[in-house]
Amino acid sequence: MIVQNGGNVLLADLNEAAGSELAGELGDRSRFVATDVTAEGSVAAALQVAEAQFGGLHGVVNCAGIVIGKRVFGKNGPHGLDAFKKVIEINLTGTFNVLRLAMPLMARNPADEEGERGIIINTSSIAATDGQVGQAAYSASKGGVAAMTLPLAREFSRQGIRVNAIAPGIFRTAMTDKMPSKLRENLIRQVPFPPRFGEPAEYASLVRHIIENVMINGTNLRLDGGIRMDSG
């Protein structure tokens, strides 16, 4: 969506094969850099490529995330602490790591007529408020993303940088594609309208609107077809 509208995109992800393929499809306005969002040096190196390739950085869309579904007390005993930490590290700490390193680069941009220099869009989830059984780690991570939206927006307002979060419902992603068909069908039945998984293009459409509408700031926006998850 960004490339189609004349922007440049740095794709930062662990999946080198998929990232390189997508960058090839998008052409000269994109570049892929293998990146671990939890590692300071890896993120810093990716951001340096963005500056060198495109002459600056004006926005960040944080989408990296994993889910580990486990009951706190399951058949095999208590929830593993390492599993909990891993979800927090990628979903919450990784998001924070990227934005904290990207923000100083955006702060150096010349301000536009509104005084804006950049935008940060993070990905929370409806699990932040509608978490199901087995989602303690995932809900905690996404709740953290949602909770830091307003304090970041307030702090970064001095530099003219907006911060928002999108809270998707059930969307078609590489993560949900791996779900058993029975679970997918159960989730779809819970969506009032439209009764289906959301599409990546619909997420991208909201990203575009947030970018273009300067009044959207410090907000967590649900994108979920009206679903309110049951207890699971």
Problem - Extension gain (nm, one decimal) between Ala34 and Glu155, 0.36 nm per residue minus Cα-Cα - result: 40.6 nm
Exercise for the section: Name the long-range amide H neighbours of Phe32: under 5 Å, sequence gap of 5 or more, or other chain; modelled H, no Pro or chain starts. Expected result: Leu11
Problem - Gain in span if fully extended, Phe54 to Ala147, counting 0.36 nm per residue against the direct Cα distance - result: 30.3 nm
Completion exercise
Whole-Å distance linking the alpha carbon centroid of region 59-124 with that of region 128-163 is 8
Exercise for the section: Could you sort 213-219, 58-64, 163-169, 46-52 so that the peptide with the highest average Cβ count within 10 Å comes first and the rest follow in order? Expected result: 163-169, 58-64, 46-52, 213-219
Practice task
Would you list the P(r) distribution for region 1-114, with all Cα-Cα distances sorted into 10 Å bins from 0 and each bin expressed as a whole %?
Solution key: 13, 37, 29, 14, 7, 1
Practice task
Could you tell me what percent of the DSSP beta bridges with both partners in region 58-223 are antiparallel, to the nearest 5?
Solution key: 10
Problem - Computed log₁₀ I(q)/I(0) - Debye formula, equal Cα scatterers, no solvent, region 141-232, q 0.21, 0.26 Å⁻¹ - result: -1.07, -1.33
Fill in the blank from the handout: Computed over region 96-169, the Cα gyration tensor eigenvalues, each multiplied by 5 and square-rooted, give semi-axes in Å (largest first) of 29, 11, 9
Practice task
Mind grabbing the base-10 log of I(q)/I(0) for region 58-223 at q = 0.10, 0.12, 0.19 Å⁻¹? Debye formula, identical points on the C-alpha positions, no solvent, two decimal places.
Solution key: -0.41, -0.58, -1.22
Practice task
Rounded to the nearest 500, what is the 222 nm mean residue ellipticity of the chain from helices alone, with -39500 (n - 2.57) per DSSP H run of 4+ residues and division by all residues?
Solution key: -12000 deg cm²/dmol
Problem - Met179 versus Glu212: modelled label distance in nm, points set 7 Å from Cα along the beta carbon direction - result: 3.0
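No lab work stands behind these numbers, since they all come straight from the coordinates. Predicted, not measured: the structure shown is a model, and the values here were computed from it. When we count neighbours, we look across all protein chains shown, and the Cβ atoms used for this are built from the backbone with ideal geometry, even at glycine.
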